[in-house]
Amino acid sequence: VYIVYLGHVIRNQDHYLTSKNHVRLLSNVFQSNEEANEAMVYSYKHVFSGFAATLNESQASILANTRGVISVFESKLLRLHTTRSWDFMGLNLDYSEGTPLQLTHGEDVIIGVLDTGIWPESASFREEPEMGPIPKYWKGECVAGDNFNPKKACNKKLIGAKYYLTGFQRRFGRINKTTNPEYISPRDYLGHGTHTASTAAGARSRGAGIFGFANGTARGGAPRARVAVYKVCWNRDFAGTCTEEDVLAGFDEALRDGVGVVSASFGKAPPLREFFGSSADIGSFHAMQMGVSVVFSAGNGGPQPGLVGNVNPWSICVAASDIDRSFPTKILLDDGSFFVGQGLITNHISGTLARARTYFFGGICNSENWMNKSAAGKILICFSTDGDVSSEDAEFAAARRANASALVFVQPLTMPVAAVSIIPVVRIDIVQGSKLYLLPNFTKAQILPSETTFKRSPTPVVADFSSRGPSSISPDFLKPDISAPGVNILAAWSPNVAPSVFSSDHRSVDWNFETGTSMSCPHVSGVVALLKSAHPRWSPAAIRSALMTTAYNKDINGDGILVQGSTKSSDPFDIGAGHINPLGAFDPGLVYDMTTRDYILFLCNRGYSEDQIQTMVICPLATPARCPDRLEPDSSINYPSITVSNLKCTKTVKRTVRNVGPAKTAVYFVSVVSPNGVEVAVWPTILIFSPLKEELTYYVTFKPVKVARGRYEFGSITWSDGVHHVRSPMVVQVNTRGDGNYYEEGSSTTPY
């Protein structure tokens, strides 16, 4: 399947006529309209124009060289990136100072969730008390299907539910219910979409928890916001698989229906394609032009650098970090000494400690290395460093092969995190694990039931799996943009799906812990809905700016935010501008907005012609789609972070900020933390805003003062009026000559 992208829909053109034009264009590479209609998978006709069709390479090449066609690309498969978190972020349900912010905003905002569907009976999707009528501008609907009756499933909370299966079935054949019990309807078979929708906008639900842990009142970021689900990802071998043509169809209808926020927890790992060779980038580009904020997950490809996905500059890309809730679990010895790991142990366990080498060849805890010996009554000690084994591999081998009573899984420092499993498992750090290992084999031990504690460990900590920058295709934009909770997030779950990843797990739960940037993404989506409700005139760029410039970079102890699996502090490639601070984002002081002109400049820099840009960008009358005679670098586009990916000589970039604070007259002073080896000068150093001057521009000059090649350095610029602290991270890659000579722009000698 190839996707043919043609730009925005001609204003006021009949949708039927748009589809007819698509068939006519497709007929150019077929012998008849009938063949073209048979090849057609989708016609995108509501917000943007294009189609998906089954083509061979030569047909795709002919269409790519046809006048009016912007891009033609082969559809790829996209993968999913898969309570207490809101309290941790400052959005609590404390009524002592009036109605909590989460309950006073969001009702007029609709969050569109593109995912695996929804379990509508979950308590998260009941109507909040005194919810008003569905917004009049809403054009969506709930569609019937397997086990999904719109009259029973939908209400004033869940106001839309659709599914898109044509692309999936064109690629993999019709769903066989014997081998794949997926629901051909908006109902969620995998649990992932239910979890993300409930995280973003779930209603308040008392009595949430799993196996006695994390008990309390669960809720989404915007409990009073409306939810519309677009099922674009489907079960394949018990994993969520999304075809790009289905995703683009979901975007087209979600934007037509009237969503205000799109939450999309999926993506593709590098190599990334050009921006308009990706369904997610096309859909989010047109969303931005309609004033709709799109939030993507960064991906789970960490900790290696450069693997971040969803890097376009018009959406929000979210990394994952943990929260301040942990589940300490004691391993107690007969002499009274004990060790503490992380687990979800519900019952007291007694046994004898046993080294893995007694039951697994080489001590490698996986099924292939099992010695066919029973470990009944034993508490196995397995090391992740023996054979590079994952905890899930060790858990399966210990439980289903060796029949152990419990597992102690030893990991590097800062890595242990509790997880739901089919066997009682305690994850413990390598320092304690090594001491356990040195005890005599078959030492008696007890594992005590786990506790739920708060604020014991330094948090937040960037998750090891969270995909890191820099962006592999647009290095002058910092990605990810921001970090949010994505580790052991409790949210609603499909009760037909086991809470763990193991096929032998037959338990049913209504709430479940999930981990991934899939979980951090809807946290930001929920906050965006609150911000849109509080500031309905803010653009998606202004909302992103408010989130980024108010993010924090210190943990709860005032130290730098750590990186899981390391003892080092994080940098902007790990967490973008920092960890999300919802309360601060409501009053950021200044915002970096982006206009149509910024996006035109970006498209010009990517090599698109003025004719192509004219068909993609909905321009105000005063903004012609023209490329400037002299292109400005991407680093000068008005992004809230500043990235210079190739600093060879003195370089100046500019930024424009708008005063959105309560005081129309305000004075801001600048403070700079310069990247190592780079002199940074800001002019002017004072910004004076007045009712007649809401927007002001400043310039930042970077001068390399060291010899380096390919090394990234980090700093920041902060504007403050004494109340607001508007912080922008700086990322600079210094690439100076090895002879120590530095050049300034405009010099007669060309630097290299």
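The values are calculated or read from the model by the stated rules, or taken from the named source; none is laboratory data. None of the values given here were measured: they were computed from a predicted structure. Note: ideal-geometry Cβ built from the backbone for every residue, glycine included; neighbour counts use all protein chains shown. These area figures cover heavy atoms from the full protein model, side chains too; ligands, DNA and RNA do not enter into them. Shrake-Rupley method; radii C 1.70, N 1.55, O 1.52, S 1.80 Å.
Just checking, does the range 389-406 include any residue being more than 33 Å from the chain's Cα centre (by Cα) and among the hydroxyl-bearing types (Ser, Thr, Tyr)? Yes, the range 389-406 contains a residue that is more than 33 Å from the chain's Cα centre (by Cα) and among the hydroxyl-bearing types (Ser, Thr, Tyr). Scanning the range 396-408 for residues that are open to solvent by less than 10 Å² (accessible area, probe 1.4 Å) and more than 17 Å from Thr352 (Cα to Cα) gives a single hit, Ala397. Only one entry of Gly558, Gly584 meets the criterion of being assigned to a loop (DSSP other than H, G, I, E, B) and more than 30 Å from Cys627 (Cβ to Cβ), and that entry is Gly558. So, Thr385, is that one open to solvent by 10 Å² or more (accessible area, probe 1.4 Å), touching a Phe, Trp or Tyr at 6+ places or on another chain (Cβ under 6 Å) and not aromatic (Phe, Trp, Tyr) or not? Considered against the rule, which asks whether it is open to solvent by 10 Å² or more (accessible area, probe 1.4 Å), touching a Phe, Trp or Tyr at 6+ places or on another chain (Cβ under 6 Å) and not aromatic (Phe, Trp, Tyr), Thr385 comes out as no. The listed residues are Asp629, Asp634, and the only one of them that is among the charged types (D, E, K, R) and exposed (fewer than 15 other Cβ atoms within 10 Å of the Cβ) turns out to be Asp629. Taken as a whole, the range 361-375 holds at least one residue that is more than 32 Å from the chain's Cα centre (by Cα), surrounded by fewer than 21 Cβ atoms within 10 Å (Cβ to Cβ) and hydroxyl-bearing (Ser, Thr, Tyr). Residues in the range 204-218 include none that are within 22 Å of the chain's Cα centre (by Cα), part of a helix (DSSP H, G or I) and assigned by the TED database to the domain that holds Arg126. Going by the conditions given, is Pro675 closer than 25 Å to Ala708 by Cα and in contact with a Gly (Cβ under 7 Å, 6 or more places away or on another chain)? Considered against the rule, which asks whether it is closer than 25 Å to Ala708 by Cα and in contact with a Gly (Cβ under 7 Å, 6 or more places away or on another chain), Pro675 comes out as yes. Considered as a group, the residues in the range 142-163 that are open to solvent by 20 Å² or more (accessible area, probe 1.4 Å), not polar (S, T, N, Q) and not in a helix (DSSP H, G or I) include one that is nearest to Ser518 (Cα to Cα), and that residue is Tyr163.
Checking each residue in the range 424-441 for being of a type in the set (S, T, N, Q) and either under 13 Å from Ser384 (Cβ atoms) or buried (at least 17 other Cβ atoms within 10 Å of the Cβ) (or both) picks out Gln432, Ser434. Residue selection: Ser297 satisfies the criterion of being in the same structural domain as Ile473 (by the TED database) and over 21 Å from Met616 (Cα atoms). Among residues of the range 164-186 being of a type in the set (A, V, I, L, M, F, W, C) and part of a loop (DSSP other than H, G, I, E, B), the one that is most open to solvent (accessible area, probe 1.4 Å) is Ile184. For residues in the range 313-327 being touching a Pro at 6+ places or on another chain (Cβ under 6 Å) and either among the hydroxyl-bearing types (Ser, Thr, Tyr) or not in a strand (DSSP E or B) (or both), which is most open to solvent (accessible area, probe 1.4 Å)? Here the residue is Asp322. Sub-8 Å Cβ pairs linking a first residue in the range 430-454 that is over 19 Å from Cys382 (Cβ atoms) and at pLDDT below 90 to a second residue that is open to solvent by 60 Å² or more (accessible area, probe 1.4 Å) and in a loop (DSSP other than H, G, I, E, B), at least 6 apart or interchain, number zero.
Okay, residues lined up against (1) at pLDDT below 95; (2) acidic (Asp, Glu); (3) in the same structural domain as Ser539 (by the TED database); (4) open to solvent by 60 Å² or more (accessible area, probe 1.4 Å):
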residue: Lys648; (1), (2), (3), (4): yes, no, no, yes
residue: Asn659; (1), (2), (3), (4): no, no, no, no
residue: Thr665; (1), (2), (3), (4): no, no, no, yes
residue: Ser671; (1), (2), (3), (4): no, no, no, yes
residue: Ser674; (1), (2), (3), (4): no, no, no, no
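Selection of the range 341-360 for residues being surrounded by 16 or more Cβ atoms within 10 Å (Cβ to Cβ) and either outside the structural domain of Glu395 (by the TED database) or part of a strand (DSSP E or B) (or both) yields Gly341, Gln342, Gly343, Ile349, Gly351, Leu353, Ala354, Arg355, Phe360.
The set of residues in the range 97-133 being among the β-branched types (Val, Ile, Thr), surrounded by 14 or more Cβ atoms within 10 Å (Cβ to Cβ) and at pLDDT below 95 consists of Val109 alone. Residues in the range 570-626 that are among the β-branched types (Val, Ile, Thr) and farther than 21 Å from Val47 by Cβ were compared, and the one that is surrounded by the fewest Cβ atoms within 10 Å (Cβ to Cβ) is Val591.
Under 8 Å between Cβ atoms, which residue pairs at least 6 apart in sequence (or on different chains) link something in the range 40-51 that is of a type in the set (D, E, K, R) with a partner that is open to solvent by 10 Å² or more (accessible area, probe 1.4 Å)? Hits for this filter: Lys45/Val9; Lys45/His15; Lys45/Ser19.
If you check Val617, Val660 for being under 29 Å from the mean Cα position of the chain (by Cα) and farther than 19 Å from Gly722 by Cα, only one passes: Val617.
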